[in-house]
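First up is the structure itself, then whatever we jot down about it.
Every number here is computed from the coordinates shown, using simple stated rules; none is lab data. Fair warning: this is a prediction, and the values are worked out from it, not measured in the lab. Here the Cβ positions follow ideal geometry from the backbone for every residue, glycine too, while neighbour counts run over all protein chains shown.
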């Protein structure tokens, strides 16, 4: 019996050591391999894949076209390619090995975009310097709250700036409610959007007021991001559209945040903004609740610019009666920030909405366009601009 026990113990130990050795070998397989390597001359990617027959880089600055970045294999089985250095920005990429997408195992900087996982790299300079970590970082909290609208316990993210003290009730902060686009969730703005880093850096530079940023999940049937593995709820109320479906933000989230954080609990202390689907949601939330919000940001809205991409023509008056026929009732905002990428098909509709608001005498209308399509490169810049305009004392 003792021999049997000793054998079992020895066998178990050997199995553990074998598993550890396999893991260690797997880690060592990529040890010492630097990828990507950024120099003034270019950006070099490397992958050790001795049995692969073809490897490419699918990079965002090449519109994820792998044919523009063919890698070459050396005798030691390492594939590599050096590409011209793109302009300063945060970019994402994957490798395509024999037709299959794979992450760069030498790069731990990974982002999730919906159901896709992508490596990331920051090319420093200009706007991209705001995407790096600050020496005065705020905090990011993952918070569960009760949503009575559909009787759900849901999750949102809350950014609090450097120096925020929950116990110091004398210092109050304004709140930006920041909404993601279609396919996204509460994680999108803090990861892909670099919200925390942008706010940390701008606040440290004195370019933005210290503020709380609430990043909720704008999908009414989701309890939280799909990565938690929680099935969506089937029996939720019916909504007019994917844009006019977020009354929960006003009914559930705003009261919860005002109760749980040191906020300026008035319309002057609130702003709402979002990208694409979240931009459409922001339109309904802001213009249907002018007594609760003093600033609104609409980035690349699929509601407003829908006609250019095969959707219904945008009719602000039909969606919010009185908005154009009685503008004096709605013209209460400090900032109405509208933006779109120059290569985005939604830009014509967004510009037309801007012109309509100005023709109706709306104050605080700010327009911004920048190079890019329907992508995070544009929306990070939109956020950067918007937060510098709001809550000015």
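Taking the alpha-carbon centroid of each part, what is the distance from region 150-206 to region 319-393 in angstrom?
About 21 Å separates the Cα centre of region 150-206 from the one of region 319-393.
If each DSSP helix of 4+ residues adds -39,500 (n - 2.57) and the sum is divided by the residues in the chain, what number results at 222 nm, nearest 500 deg cm²/dmol?
Helix-only estimate at 222 nm: -7000 deg cm²/dmol.
Would you mind ranking 236, 347 by Cβ crowding within 10 Å, fewest neighbours first?
Arranged by neighbour count, lowest to highest, 236, 347 become 236, 347.
If each Cα of the chain is one equal point scatterer, what is log10 of I(q)/I(0) from the Debye formula at q = 0.08, 0.09 Å⁻¹?
-0.50, -0.62
Packing-wise, with mean Cβ within 10 Å as the measure, how do 381-390, 310-319 rank, highest first?
Descending packing order for the listed peptides: 381-390, 310-319.
On C-alpha positions alone, give me the angle between the axis of helix 2-29 and the longest principal axis of the chain, in degrees, nearest 10.
60
Among 115-127, 172-184, how do they line up from the highest to the lowest mean number of other beta-carbon atoms within 10 Å?
In decreasing order of mean packing, 115-127, 172-184 become 172-184, 115-127.
Calculate the FRET efficiency for residue 240 and residue 85 from the Cβ-Cβ distance with a Förster distance of 45 Å, rounded to the nearest 0.05.
Calculated transfer efficiency: 0.45.
Would you list 230, 336 from fewest to most Cβ contacts within 10 Å?
Details: 230 14, 336 23.
Ascending number of Cβ neighbours within 10 Å: 230, 336.
Quick one: which of 296-304, 200-208 comes out on top by average Cβ neighbours within 10 Å, and what's the full order, highest first?
In decreasing order of mean packing, 296-304, 200-208 become 296-304, 200-208.
Just the number: Rg to Rh for region 32-124, Cα atoms, Kirkwood Rh, two decimals.
Checking Rg against Rh, the ratio lands at 0.93.
Between the helical axis of 195-204 and the dominant principal axis of the chain, each derived from Cα atoms, what acute angle in degrees is found, rounded to the nearest 10?
So the helix axis and the longest Cα principal axis differ by about 70 degrees.
Can you tell me the mean projection area, over all orientations, of the convex hull of region 39-84's alpha carbons? Units nm², please.
Mean projected area for region 39-84: 3.4 nm², to one decimal.
Zone of residue 264 (label point 7 Å along Cα→Cβ, backbone N under 19 Å): which residues in region 168-207?
Residues 168-178, 199-200, 202-207 qualify, since their backbone N sits under 19 Å from the label point.
If one takes the longest principal axis of the Cα atoms in the chain, at what angle in degrees, from 0 to 90 and to the nearest 10, does the Cα axis of helix 376-389 lie?
So the inclination is approximately 40 degrees.
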